[in-house]
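Trainee: Pasting in a structure now, in C-alpha cells, and then I'll have a few things to ask.
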Amino acid sequence: MNFKIGLLIITGIAVAISAKLSVAADGPGQGYVAIQTGAYSVVAEIQARPGKEADLRNATLPLVKLVRSDPKNLVYFLQEDRDNPGRFVFYEVFANKADFDAHNEMPYVKDWFAKLPELATGGVKVTKLEILND
C-alpha cells in the first residue's frame with residue numbers, strides 16, 4: 001500500500017469515528033455534560049390566587065424564553081400541576097449561586113416578582129438544592 005492510500009484510509013476512519021462521536025454527543029442526555037457536580041439548583045413553587053390562574057400563567061410563560069436565553073442558565077422548566085391548575089413549579093439549574101443571584105437581578109425577573117402580590121398567594125416557596133453526580 002502506498003503512503004497516499006494509507007493516509008486516505010486513516011483519514012476516512014478518523015472522519016467516520018468523529019462523525020459517530022458527534023452523533024453520540026447530540027443523542028439522549030447530551031446536555032448533562034454541562035451540569036457539574038455542585039451546580040446550584042432550585043425548585044420554586046407558587047400558587048395563583050383564585051380566579052387569577054390564567055393571569056399568573058400569562059405573566060409567567062414569557063420567563064421561559066427569557067431565562068433560557070441567559071447563558072448562565074443551564075436548565076429552566078416551568079410546570080403546572082395537572083391536578084391543581086394555577087400551582088406552578090419551576091426547576092432551575094445554574095452553575096453556582098452567584099449565577100442564580102444574577103438571574104434574580106434581571107429586570108424581567110424583578111418585574112415578574114412585582115406582579116406576584118396581585119396574582120399569587122403565599123409568595124414563592126423555594127427549595128435550594130445541590131446537584132450530585134457520580
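Readers should treat all values here as calculations from the given coordinates under stated rules, not as data from a laboratory. What you are looking at is a predicted structure, and each value in this text was computed from that prediction instead of being measured. FYI the Cβ positions are ideal-geometry reconstructions off the backbone, even for glycines, and counts take in every protein chain you see.
Trainee: For L74, what residues show an amide H to amide H distance below 5 Å, using hydrogens built from the backbone and excluding near sequence neighbours?
Mentor: V93, F94, A95
Trainee: Roughly speaking, what is the stretch gain from I35 to K72, that is 0.36 nm per residue apart minus the C-alpha to C-alpha distance, in nm to one decimal? Intermediate results must be reported in sequence, preceding the final value.
Mentor: Numbers: separation 37, 0.36 × 37 = 13.32 nm, distance 1.13 nm.
Separation in residues times 0.36 nm, less the Cα-Cα distance, equals 12.2 nm.
Trainee: Can you give the local net charge around L56? Use residues other than it whose beta-carbon is closer than 13 angstrom to its beta-carbon, Lys and Arg +1, Asp and Glu -1.
Mentor: Numbers: positive: R49, K52, R57, R87, K115; negative: E45, E53, D55, E80, D81, E118.
The answer is -1.
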